[in-house]
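The values are calculated or read from the model by the stated rules, or taken from the named source; none is laboratory data. All figures in this text were calculated on a predicted structure; none of them were measured in a lab. Virtual Cβ from ideal backbone geometry, glycine too; neighbours counted across all protein chains shown. Calculation scope for accessible area: heavy atoms of the full protein, side chains included, ligands and nucleic acids excluded. Shrake-Rupley method; radii C 1.70, N 1.55, O 1.52, S 1.80 Å.
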Amino acid sequence: MSFVLSMFDINGIQKYVFQSNRLQEIVGASTLVEQSLSEFLLDSIREQIPQGQYVVDWKQAADFSFLNDDRIRCEIIYVGGGNALVAFREKEDAKRVTRRFSLMLLEKAPSLTFTVVHEVVEGKNFNQDRKTVTAALLRKKSEMIPPAKMGGISITQLDDSTFHPITHHHPKYGFVTVENLRKREAFLQKKSVLPVDEFQIPLEFDDLGREEGESHIGIVHIDGNSFGRMLKDLLEGEKSYEHAVKKMRNIAAKIDEIYKKTFIEVVEVLKSNFRDGKIGTIQLKKKEEQYCLPIRDIVLDGDDVTFVCDGRLALYVSYMFLKKLSEKSLIEGNTVSACAGVVIAKSHFPFYRAYQIAEQCCQSAKKKAKEDGDPVGSWIDFHIVSSGITNDLYETRKKYYQIPTVSSIDYRKEYNLIWRPWLVNKEGVTDSDYDFRHFIRMHQSFTSGDEKWPRNKMKQLEEALMLGKVETEIFLKEAASKGLVLPTSPIRTVFDSYGRTPYYDVLEMLDFFIDLEEENREDENQDAASF
């Protein structure tokens with residue numbers, strides 16, 4: 001029995017979501033992307049296919065009814081990762097739904113576009129049919145000419161983020177484009193996974209806990225490891241639509257549940273450390289007699305996670321997320337792993353640029369995870385953005401994270417000085433030189449206890465490390481004469497043979513790492529000492 005397998009894919013999601021520097025527009029855009037396939041596509045099907053002849057609630061559908069019930073003219077197989085796979089009995093139905101979906105996006109989410117392919121399949125081999133429609137989608141996307149956006153005329157004012165003509169005046173938002181107006185309206189509909197309780201959900205970047213003179217925010221991008229390969233292995237040789245669709249639906253729902261639950265658990269850790277209006281040393285913003293949480297989710301779509309927080313919490317929160325994620329299992333008892341990219345930037349820095357660097361940090365962590373071999377562990381990489389430096393991560397590190405006197409460079413990185421990415425968790429591994437607990441222990445030694453270093457000496461050590469081994473040795477001799485003891489590094493030396501050092505990572509993050517587990521650090525130190 002032949003039928004039509006359609007794949008809908010939303011284009012340019014990252015640019016659409018992150019191009020604004022206003023939190024409400026960013027969250028609203030993310031909401032529209034989510035609604036596009038989870039609501040608008042479903043509404044298009046309901047309008048174009050007679051009631052009782054479609055199945056759109058795929059999460060609740062235990063079986064794939066389409067093949068066994070001739071009355072079903074359309075069924076959504078799954079939605080996730082910015083695309084949807086849908087089965088249609090007739091191509092004309094698929095085209096009608098596509099036309100209605102296109103108009104609905106134009107009305108409700110201007111500037112958001114999609115690509116769709118309709119492939120006639122025999123329905124005998126799900127794995128092969130899925131590969132066929134995916135390949136067709138990739139071909140079509142490569143052949144597409146990017147749609148030209150309608151600009152303004154000489155008498156129109158353009159928006160500073162989208163460069164679209166301003167068309168509306170809203171009593172609350174002022175002069176806005178239709179795109180930004182729809183994003184703002186969607187923000188009001190957003191149902192955050194954050195619980196509504198004694199804390200208020202942040203509405204603006206200023207609500208994240210920043211104080212005067214401390215204008216840094218953290219942008220965190222987390223992406224799951226090996227999901228594509230796992231899905232491929234799961235479906236390999238699986239011809240039956242009934243079994244394959246059930247597996248896909250179950251795993252998609254399970255992943256979504258795990259990542260959302262992990263994010264909520266991290267937020268609960270922050271709440272448990274709330275004392276007298278503060279979390280750690282961060283004074284929370286108070287609005288309408290409620291304190292604002294210093295964190296806000298933007299994207300929580302399966303294993304694709306992006307959130308913003310106070311810059312001083314970004315690295316710790318990311319570490320906690322990966323740590324708690326590793327405690328969960330997806331299938332057959334296998335632990336879940338992911339990689340995180342963390343960027344700390346000033347609030348006025350272009351948000352989309354900062355997000356791109358966070359993505360590059362995540363890719364750097366994934367590259368390290370793959371090089372480290374199976375099983376793939378959870379790794380974290382981070383970067384502090386300096387104003388005016390807008391090169392990509394790789395070029396920036398190649399230019400600024402070099403020691404002039406070191407000629408040997410690790411061919412895998414082509415730069416030296418820094419130690420990152422760091423390992424948060426890997427099944428069966430307890431003695432890695434990259435274990436993030438080393439970072440925590442060194443930070444703790446530098447900043448607290450009887451042997452803590454004065455701030456000016458830590459800054460001087462950071463500068464000495466950038467100059468090379470000779471300058472560092474001279475400085476350390478001077479520091480030792482004043483009773484300053486250098487924390488033990490995981491490699492038992494300051495530099496390795498490539499001029500890399502774990503100390504620079506710790507010192508660079510001196511102002512941007514708050515350890516909320518300090519009361520449990522004694523046990524952690526005992527474990528770390530055995531590495």
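Below are the figures for this structure:
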read-out	value
Of all residues making up the stretch 21-50, the number that are open to solvent by 10 Å² or more (accessible area, probe 1.4 Å), among the charged types (D, E, K, R), touching a residue at least 60 places away in the same chain (Cβ under 8 Å) and in a helix (DSSP H, G or I)	2
Failed item in (1) out of contact with any Ser or Thr (no Cβ under 8 Å at 6 or more places or on another chain); (2) surrounded by 17 or more Cβ atoms within 10 Å (Cβ to Cβ), with Lys398 passing the rest	(2)
Condition met for Val97 (within 29 Å of Arg182 (Cα to Cα), of a type outside the set (Asp, Glu), part of a strand (DSSP E or B) and in contact (Cβ under 8 Å) with a residue 12 or more places away in the chain)	no
Hits in the stretch 1-15 - residues which are part of a helix (DSSP H, G or I) and open to solvent by less than 10 Å² (accessible area, probe 1.4 Å)	none
Flag if Tyr319 is farther than 25 Å from Gly377 by Cα, in contact with a Phe, Trp or Tyr (Cβ under 9 Å, 6 or more places away or on another chain) and among the hydroxyl-bearing types (Ser, Thr, Tyr)	no
Some residue of the stretch 494-511 being open to solvent by 10 Å² or more (accessible area, probe 1.4 Å), among the β-branched types (Val, Ile, Thr), without any contact (Cβ under 8 Å) to a residue 24 or more places away in the chain and over 30 Å from Cys309 (Cα atoms)	no
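So that you can scan it fast, the table gives a plain yes or no per residue for (1) more than 31 Å from the chain's Cα centre (by Cα); (2) surrounded by 15 or more Cβ atoms within 10 Å (Cβ to Cβ):
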{"residue": "Ile77", "(1), (2)": "no, yes"}
{"residue": "Thr115", "(1), (2)": "no, yes"}
{"residue": "Glu119", "(1), (2)": "yes, yes"}
{"residue": "Gln128", "(1), (2)": "no, no"}
{"residue": "Thr134", "(1), (2)": "no, yes"}
{"residue": "Ser142", "(1), (2)": "no, no"}
{"residue": "Pro147", "(1), (2)": "no, no"}
